[in-house]
């Protein structure tokens, strides 16, 4: 009798598994993300990458999505990127001409990108015109120091990435970059969140006294978000900012040209 019950239970399990699979109930993973990071970047940027990896890995519980990581920039190749709906750059960008070419090709082909802080840094020595255009045309101008929290203003609540945020919130301590010209001057850029002028002057050693300072934006020609936050180990300590990060990632993925994986 025990043997019979075991067989019957096993048969029922197999039947239910087949039913749920055929009915579309088990559609995981919904999407795949690949995060690039450097282990040899500025220590505070390495700290951020470590925290970011831990945070995003926590979001995968329950098979929500696949989150892979790599510190080998040689993985930025066409074969490796197949199947990834979005790539994240946590604390650096590709350096070699071939890796840059592959990234540009991936983005022009409909790929998704979520870049944080140092991943958007560029100056006169960067020598990557396409990336400058991709970020909206702004070159790093100045920064605040030491790390300080700041009040941020949500400028565009009309898209899913920002729809459920309050009009403003306090962001944890960070090094804030200011760009020149402001990405806002580019008609292809949609500024989502900016530094509130109430913060000025911002800094002690290095001070940002005034001016326009977008901190989260998208270039509407691509499926991307750049976020100024990403210095140190406090970035994921605020629930409102975390909600922005999660909603931003989801918004990027929802616009995948291969179809919204959340509706499959």
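The values are calculated or read from the model by the stated rules, or taken from the named source; none is laboratory data. Since the structure is predicted, the reported quantities are computational estimates derived from the model, not experimental observations. In this analysis, Cβ positions are derived from the backbone assuming ideal geometry, glycine residues included, and neighbour counts consider all displayed protein chains.
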(request) Please find, within region 170-202, the residue that is nearest to residue 134 (Cα to Cα) out of those that are in contact with a strand residue (DSSP E or B) (Cβ under 6 Å, 6 or more places away or on another chain) and touching a residue at least 60 places away in the same chain (Cβ under 8 Å). (result) 177
(request) Given the conditions (1) under 21 Å from residue 113 (Cβ atoms); (2) in contact with a helix residue (DSSP H, G or I) (Cβ under 8 Å, 6 or more places away or on another chain); (3) at pLDDT 95 or above, report the number of the one that residue 262 does not fulfil. (result) (3)
(request) Out of the residues in region 207-222 that are assigned to a loop (DSSP other than H, G, I, E, B) and under 16 Å from the mean Cα position of the chain (by Cα), state the one that is surrounded by the fewest Cβ atoms within 10 Å (Cβ to Cβ). (result) 220
(request) Filter region 85-134 for residues that are surrounded by fewer than 17 Cβ atoms within 10 Å (Cβ to Cβ), touching a strand residue (DSSP E or B) at 6+ places or on another chain (Cβ under 8 Å), modelled with pLDDT of 95 or more and not in a helix (DSSP H, G or I) and give the result. (result) 110
(request) Inspect all residues belonging to region 144-162 and state whether any of them is modelled with pLDDT of 95 or more, part of a helix (DSSP H, G or I) and in contact with a strand residue (DSSP E or B) (Cβ under 7 Å, 6 or more places away or on another chain). (result) no
(request) Scan region 181-206 residue by residue and report those that are under 18 Å from residue 149 (Cα atoms) and surrounded by 14 or more Cβ atoms within 10 Å (Cβ to Cβ). (result) 193, 194, 195, 196, 199, 200, 202, 203
